[in-house]
1. Checking residue A:233 against (1) buried (at least 16 other Cβ atoms within 10 Å of the Cβ); (2) not assigned by TED's automatic domain parsing to the domain that holds residue A:26, which test does it fail?
2. For residue A:198, which of the numbered conditions (1) away from chain B (no Cβ under 14 Å); (2) part of a helix (DSSP H, G or I); (3) in contact (Cβ under 8 Å) with a residue 60 or more places away in the chain fails to hold?
3. Looking only at residues in segment A:199-210 that are farther than 15 Å from residue A:297 by Cα and over 21 Å from the mean Cα position of the chain (by Cα), which one is surrounded by the most Cβ atoms within 10 Å (Cβ to Cβ)?
4. Conditions first: (1) in contact with a strand residue (DSSP E or B) (Cβ under 7 Å, 6 or more places away or on another chain); (2) exposed (fewer than 15 other Cβ atoms within 10 Å of the Cβ); (3) in contact (Cβ under 8 Å) with a residue 24 or more places away in the chain. Residue A:99 passes all but one, so which condition is the exception?
5. If I ask for residues that are crowded, with 18+ Cβ neighbours inside 10 Å, more than 21 Å from residue B:269 (Cβ to Cβ) and free of Cβ contacts under 8 Å to residues at least 60 places away in the same chain, which ones from segment B:25-56 would you list?
6. Can you pull out every residue in segment B:13-24 that is surrounded by 20 or more Cβ atoms within 10 Å (Cβ to Cβ), under 18 Å from residue B:60 (Cα atoms) and at pLDDT below 95?
7. How do the pairs read when you match residues in segment A:132-147 that are in the same structural domain as residue A:254 (by TED's automatic domain parsing) with residues anywhere that are in a strand (DSSP E or B), using Cβ under 7 Å and keeping only pairs 6 or more apart or on different chains?
8. Take residue A:217 and decide whether it is surrounded by fewer than 19 Cβ atoms within 10 Å (Cβ to Cβ), in contact with a helix residue (DSSP H, G or I) (Cβ under 7 Å, 6 or more places away or on another chain) and at pLDDT 95 or above.
């Protein structure tokens with residue numbers, strides 16, 4: 001059973017890890033942050049979370065540079081970029097013992113699978129964050145809309161502890177839901193991420209507003225959504241056309257949002273090309289779904305964004 | 001019958017018009033250049049043509065700012081960008097009487113058709129230039145390889161004068177061939193232009209060498225070629241796979257060539273999106289050829305390169 005205020009480790013304190021870690025810390029959990037580039041700034045000034053409702057600071061922060069200095073926790077929140085999955089075991093293993101729950105809040109597909117390579121599948125959960133967050137400078141995270149988080153079990157079947165984790169986030173002020181099917185949630189999230197993260201890069205580093213201002217890019221976004229919908233269907237997840245239309249309409253209402261992949265691209269950082277584009281493409285193709293537009297986008301992004309992410313094909317060759 | 005050294009007008013004295021106009025002038029034709037932005041420089045210093053064999057200068061140049069100051073010619077060479085086709089009648093009509101031959105040396109599809117809107121089809125010819133030329137500064141044109149030109153009749157059927165025009169270029173030192181099917185030549189040229197002009201922009205303003213250095217972009221280039229090949233087949237033009245492989249191999253041997261569309265894009269000039277991408281896409285789709293990769297590229301380019309080219313659909317709406 002998860003304690004009411006568990007001992008938590010946050011692996012990767014960017015926008016997602018920093019935000020949810022601070023929400024849990026504010027609620028009173030014993031939160032330990034594994035920090036890298038932001039270590040000095042965060043230790044000196046703490047975290048500042050800017051929210052439309054009310055901003056808050058966490059200071060002092062329990063920050064660390066090595067996982068073994070934190071040790072085993074009740075709950076480990078994994079929020080590193082998927083491009084860092086090849087370092088996962090080194091980062092996460094020291095935080096886990098037989099009772100630890102490990103929750104991946106990463107983007108794209110294949111992240112829980114990367115954890116399952118060295119952690120028993122039964123200890124793994126994953127969450128999908130539908131939220132607009134930007135880390136605007138070291139230790140400073142802006143939240144533009146409260147958003148939602150869908151949490152589910154990697155193994156699929158419902159457990160009592162699933163609800164305990166959902167309730168923990170709820171008590172900490174995060175709108176959280178139990179996802180009966182992580183796979184369905186994941187495909188639904190990709191319905192948005194694939195066109196908008198992808199085109200924001202391929203159209204030259206633009207915002208969602210610039211995509212929606214072009215009839216051609218909007219049409220292409222919709223055609224990409226249809227391909228993702230077909231891949232999801234081949235994997236047993238029925239996503240109705242209404243959902244696609246709703247995503248387009250919601251995006252039209254958004255301000256000029258900068259998807260995280262676009263920010264990474266513009267700043268010259270690694271882009272999660274495999275997790276967001278390559279893995280869904282391969283999963284669709286494995287069921288003989290024709291996805292030529294996603295394939296075109298994926299090849300273009302591979303050309304535009306050199307990345308060191310593990311690519312299954314490359315792995316086998318090496 | 002075409003005189004041995006005809007009176008020639010060159011409309012659009014960029015790389016293509018400047019180069020072939022100067023070759024004809026050097027041979028002794030009475031060549032009149034319609035100039036716009038380069039008028040002052042060319043009138044003062046003439047044209048300098050840099051070639052691997054031997055460079056040469058044409059000075060003084062018979063340059064003009066208005067077509068009506070040139071008047072009717074035996075041969076009019078049209079070499080403006082396809083994005084300027086909407087001004088075609090104003091530029092070309094004053095140069096044409098009942099005996100004039102009008103030869104379009106423009107990129108992409110739909111150019112001869114634009115001429116046919118105001119000139120009898122029987123007076124129209126077109127040529128495909130397989131050549132590497134860059135206008136490096138006003139009046140200075142660099143030629144990297146001699147190249148070839150394929151000349152044919154808009155109406156299709158062979159005429160004695162077709163060979164006269166081919167022979168004129170040959171006498172002027174240009175390797176020229178009679179094309180029995182302009183359509184076939186055009187589709188063959190697009191087999192290269194669509195992937196390499198397109199990806200050089202979509203992959204962020206890169207050269208052919210950078211495309212060939214990426215396995216993903218090279219694969220995408222080939223998949224685009226296959227779609228163009230299928231569209232050509234639907235229009236009765238059989239282009240064998242060998243031709244595609246040869247184009248890939250030739251491009252691999254090229255230096256870091258900058259396709260003209262990429263130079264236009266990087267310099268913020270209009271890109272010939274409709275002539276090179278939109279029109280071939282529509283012609284393929286009109287025969288029910290599935291071209292999702294070209295469609296994706298076209299939509300992306302429409303988003304990346306705002307252009308004022310006439311778009312058939314828009315025309316109807318207006």
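1. That leaves (1) as the condition not met.
2. The failed condition is (1).
3. Our first condition is that a residue be farther than 15 Å from residue A:297 by Cα; within segment A:199-210, this holds for A:206-210.
Adding the requirement that they be over 21 Å from the mean Cα position of the chain (by Cα) leaves A:209-210.
Details: A:209: 14, A:210: 16.
My answer is A:210.
4. So residue A:99 meets the others, but not (1).
5. B:25, B:31, B:32, B:43
6. Taking segment B:13-24 and keeping what is surrounded by 20 or more Cβ atoms within 10 Å (Cβ to Cβ), we get B:13, B:15-24.
Those still in the list that are under 18 Å from residue B:60 (Cα atoms) too: B:13, B:17-24.
B:13, the sole residue that qualifies.
7. The qualifying pairs do not exist here.
8. Working: surrounded by fewer than 19 Cβ atoms within 10 Å (Cβ to Cβ): no; in contact with a helix residue (DSSP H, G or I) (Cβ under 7 Å, 6 or more places away or on another chain): yes; at pLDDT 95 or above: yes.
The answer is no for residue A:217.
The values are calculated or read from the model by the stated rules, or taken from the named source; none is laboratory data. Owing to the predicted nature of the structure, the values given are computational and were not obtained by experimental measurement. Here Cβ is always computed from backbone atoms with ideal geometry, including for glycine, and neighbour counts include all displayed protein chains.
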